[in-house]
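The values are calculated or read from the model by the stated rules, or taken from the named source; none is laboratory data. Since the structure is predicted, the reported quantities are computational estimates derived from the model, not experimental observations. All Cβ positions, glycine included, derive from the backbone under ideal geometry; neighbour counts span all protein chains shown.
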Amino acid sequence: MNYWNELEGSKLFNMVFSRNIPIGEIKLFALNIDNNLSTLTLAFDIREIPDTPPKKWDLIGYNACRIGITCNKVKDLTTSNIPTQQILNLSIQLIGNEYSISATSDTSEVKFITSALRLREPSVYLTESSF
């Protein structure tokens with residue numbers, strides 16, 4: 001997968017961005033694991049800011065965009081040096097009918113396999129430490 005716009009659940013994402021946004025660097029906000037349901041959620045900021053936002057977003061002012069992915073039927077999860085404040089490089093590879101997810105930096109990593117992947121809706125906010 002090369003673009004966030006290609007993922008299931010990207011309808012709102014495609015409404016607030018007028019172009020394809022490449023999957024790449026992320027600033028990890030949260031990593032949530034539901035062991036009972038075999039679900040993993042990553043929430044993170046991306047460098048890009050929506051260029052066709054709804055009017056209500058323009059009223060609040062923002063300089064950061066947060067999205068994420070929710071993954072079901074997770075297996076082979078490995079993590080190292082999490083939590084981290086480093087920028088991670090995210091990769092999503094479709095291999096057969098499963099996705100290989102890798103978010104890594106020089107010292108930290110989150111890696112796993114999932115058979116169901118969905119993009120979380122984007123939100124925006126104002127911060128002093130934007131990406």
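Here are some conditions: (1) in a strand (DSSP E or B); (2) out of contact with any Cys (no Cβ under 8 Å at 6 or more places or on another chain). Trp57 meets all but one. Which one does it not meet?
(1)
Considering only residues that are closer than 22 Å to Lys111 by Cβ, more than 11 Å from the chain's Cα centre (by Cα), of a type in the set (A, V, I, L, M, F, W, C) and modelled with pLDDT of 95 or more, which ones fall in the range 28-70?
Ile33, Leu40
Report the residue count in the range 35-54 for those that are over 23 Å from Ser91 (Cβ atoms) and surrounded by fewer than 16 Cβ atoms within 10 Å (Cβ to Cβ).
Selection size over the range 35-54: 6.
Kindly establish whether Ile92 is in contact (Cβ under 8 Å) with a residue 40 or more places away in the chain, over 21 Å from Thr39 (Cβ atoms) and either touching a strand residue (DSSP E or B) at 6+ places or on another chain (Cβ under 8 Å) or basic (Lys, Arg) (or both). Please lay out each step first, then the result.
Numbers: in contact (Cβ under 8 Å) with a residue 40 or more places away in the chain: yes; over 21 Å from Thr39 (Cβ atoms): no; either touching a strand residue (DSSP E or B) at 6+ places or on another chain (Cβ under 8 Å) or basic (Lys, Arg) (or both): yes.
So Ile92 does not fit the description; no.
How about the range 1-23: which of its residues are farther than 18 Å from Ala116 by Cα and either free of Cβ contacts under 8 Å to residues at least 12 places away in the same chain or surrounded by 16 or more Cβ atoms within 10 Å (Cβ to Cβ) (or both)?
First, pick out the residues of the range 1-23 that are farther than 18 Å from Ala116 by Cα: 12-22.
The answer is Leu12, Phe13, Asn14, Val16, Phe17, Ile21.
Quick check on my filter: what residues within the range 27-41 are in a strand (DSSP E or B) and either more than 26 Å from Gln86 (Cβ to Cβ) or touching a Leu at 6+ places or on another chain (Cβ under 9 Å) (or both)? Even if it seems obvious, please write down each step before you answer.
Just the residues of the range 27-41 that are in a strand (DSSP E or B), to begin with: 27-34, 39-41.
The answer is Lys27, Leu28, Phe29, Ala30, Leu31, Asn32, Ile33, Asp34, Leu40, Thr41.
Does Ser91 satisfy being surrounded by 14 or more Cβ atoms within 10 Å (Cβ to Cβ), polar (S, T, N, Q), touching a Ser or Thr at 6+ places or on another chain (Cβ under 8 Å) and in a strand (DSSP E or B)?
On the way: surrounded by 14 or more Cβ atoms within 10 Å (Cβ to Cβ): yes; polar (S, T, N, Q): yes; touching a Ser or Thr at 6+ places or on another chain (Cβ under 8 Å): yes; in a strand (DSSP E or B): yes.
So Ser91 passes the test.
Filter the range 108-123 down to the residues that are among the hydrophobic types (A, V, I, L, M, F, W, C) and buried (at least 18 other Cβ atoms within 10 Å of the Cβ), then identify the one that is farthest from Met1 (Cα to Cα). Even if it seems obvious, please write down each step before you answer.
The initial filter retains those residues of the range 108-123 that are among the hydrophobic types (A, V, I, L, M, F, W, C), namely 110, 112-113, 116-117, 119.
Narrowing further to those that are buried (at least 18 other Cβ atoms within 10 Å of the Cβ): 110, 112, 117, 119.
Working: Val110: 17, Phe112: 15, Leu117: 12, Leu119: 12 Å.
My answer is Val110.
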